1. Within the group 29, 65, 48, which residue is more than 30 Å from residue 220 (Cα to Cα), modelled with pLDDT under 95 and out of contact with any strand residue (DSSP E or B) (no Cβ under 8 Å at 6 or more places or on another chain)?
2. Would you pick out the residues in region 179-213 that are surrounded by 21 or more Cβ atoms within 10 Å (Cβ to Cβ) and more than 21 Å from residue 236 (Cα to Cα)?
3. Identify, please: which residue in region 1-26 is surrounded by 14 or more Cβ atoms within 10 Å (Cβ to Cβ) and modelled with pLDDT under 90 and is, among those, nearest to residue 217 (Cα to Cα)?
4. Output the residues belonging to region 311-324 that are under 20 Å from the mean Cα position of the chain (by Cα), assigned to a helix (DSSP H, G or I) and touching a residue at least 24 places away in the same chain (Cβ under 8 Å).
5. Give the number of residues within region 153-169 that are assigned to a helix (DSSP H, G or I) and surrounded by fewer than 16 Cβ atoms within 10 Å (Cβ to Cβ).
6. Assigned by TED's automatic domain parsing to the domain that holds residue 302, more than 13 Å from the chain's Cα centre (by Cα) and touching a residue at least 60 places away in the same chain (Cβ under 8 Å): does that describe residue 273?
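The values are calculated or read from the model by the stated rules, or taken from the named source; none is laboratory data. From a predicted model like this one, the values you see are computed outputs, not experimental measurements. Methodologically, a virtual Cβ is constructed for each residue, glycine included, from the backbone with ideal geometry; neighbour enumeration extends over all protein chains shown.
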């Protein structure tokens with residue numbers, strides 16, 4: 001019986017602090033573009049090759065130039081389409097960007113369950129609580145209550161539980177509890193004659209530490225003979241299944257989960273640009289280098305190649321510049 005493969009934590013970004021950084025010089029370059037004397041390539045060269053902290057310094061420096069004003073609003077008037085979306089995403093503080101993405105996913109036309117799952121599954125407790133604070137401050141309603149109002153059933157329970165950011169982040173693993181949890185998951189799902197006890201899956205998968213859950217998944221396979229993913233596929237359906245699988249995949253390999261999300265955003269007809277932009281922008285200073293590596297291993301072609309084939313114009317150039 002094969003043991004589940006778990007990828008160890010890695011952290012390789014693709015965007016690094018620019019050497020010899022000069023916020024005033026970068027701001028002057030952007031003033032030229034806004035006034036019509038520069039090119040959109042100048043925007044790509046400056047914005048995609050600076051860290052989020054450096055971009056905030058550029059925004060402040062821009063206010064002090066003779067042209068003055070708010071860089072973001074000026075670029076919104078100047079740019080358009082998906083290229084604008086990437087550049088504005090890069091210029092938005094990360095917690096605020098995540099809060100905006102959650103708001104769009106919850107309050108837009110139809111609920112974007114996949115985006116909700118991705119965001120809640122990939123952030124730490126601190127990250128979730130930080131964006132929840134931004135969400136309430138900006139939209140006048142708690143993220144938890146927004147999720148309650150826009151989702152239903154077991155998926156609602158799962159989302160609300162995740163949105164509280166109460167996962168155990170302790171590195172210690174209690175082997176006795178590992179066995180208890182593995183037995184409980186089996187009893188609540190595959191071993192249950194009628195139906196599935198979703199609350200058991202919710203409690204264990206949402207609150208236990210990643211280190212603990214990795215051991216639980218290994219123990220589960222010994223007890224059941226099935227990988228935990230196979231069990232969830234069999235026992236659940238719809239959005240709650242996708243949510244539980246999102247957690248499981250992140251526990252096994254967060255970069256693997258995000259590589260799969262990028263692949264699904266581009267495969268087939270059309271592109272899910274929101275997903276593509278969100279992952280590339282938010283992970284660029286964290287682990288996009290690792291995601292790129294896993295992407296090529298899984299799908300036999302580099303992430304850059306997929307982006308080049310699937311996008312166009314300055315939008316394509318900006319994404320490739322971030323990823324490269």
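1. One residue alone meets the criteria, 65.
2. 212
3. Among residues in region 1-26 that are surrounded by 14 or more Cβ atoms within 10 Å (Cβ to Cβ) and modelled with pLDDT under 90, the one nearest to residue 217 (Cα to Cα) is 4.
4. Scanning region 311-324 gives 315, 318, 319, 321, 322, 323.
5. Taking region 153-169 first, the residues assigned to a helix (DSSP H, G or I) are 153-163.
Still in the running and surrounded by fewer than 16 Cβ atoms within 10 Å (Cβ to Cβ): 153.
Selection size over region 153-169: 1.
6. Values: assigned by TED's automatic domain parsing to the domain that holds residue 302: yes; more than 13 Å from the chain's Cα centre (by Cα): yes; touching a residue at least 60 places away in the same chain (Cβ under 8 Å): yes.
Considered against the rule, which asks whether it is assigned by TED's automatic domain parsing to the domain that holds residue 302, more than 13 Å from the chain's Cα centre (by Cα) and touching a residue at least 60 places away in the same chain (Cβ under 8 Å), residue 273 comes out as yes.
Residues are listed down the side, and each one gets a yes or a no for (1) touching a strand residue (DSSP E or B) at 6+ places or on another chain (Cβ under 6 Å); (2) part of a helix (DSSP H, G or I); (3) within 24 Å of residue 288 (Cβ to Cβ):
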| residue | (1), (2), (3) |
| --- | --- |
| 15 | no, no, yes |
| 33 | no, yes, no |
| 37 | no, no, no |
| 53 | no, yes, yes |
| 56 | no, yes, yes |
| 60 | no, yes, no |
| 83 | no, yes, yes |
| 95 | no, yes, yes |
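Yes/no per residue for (1) surrounded by fewer than 22 Cβ atoms within 10 Å (Cβ to Cβ); (2) over 22 Å from residue 94 (Cα atoms):
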site	(1), (2)
252	yes, yes
267	yes, yes
274	yes, no
283	no, no
286	yes, no
290	no, no
297	yes, yes
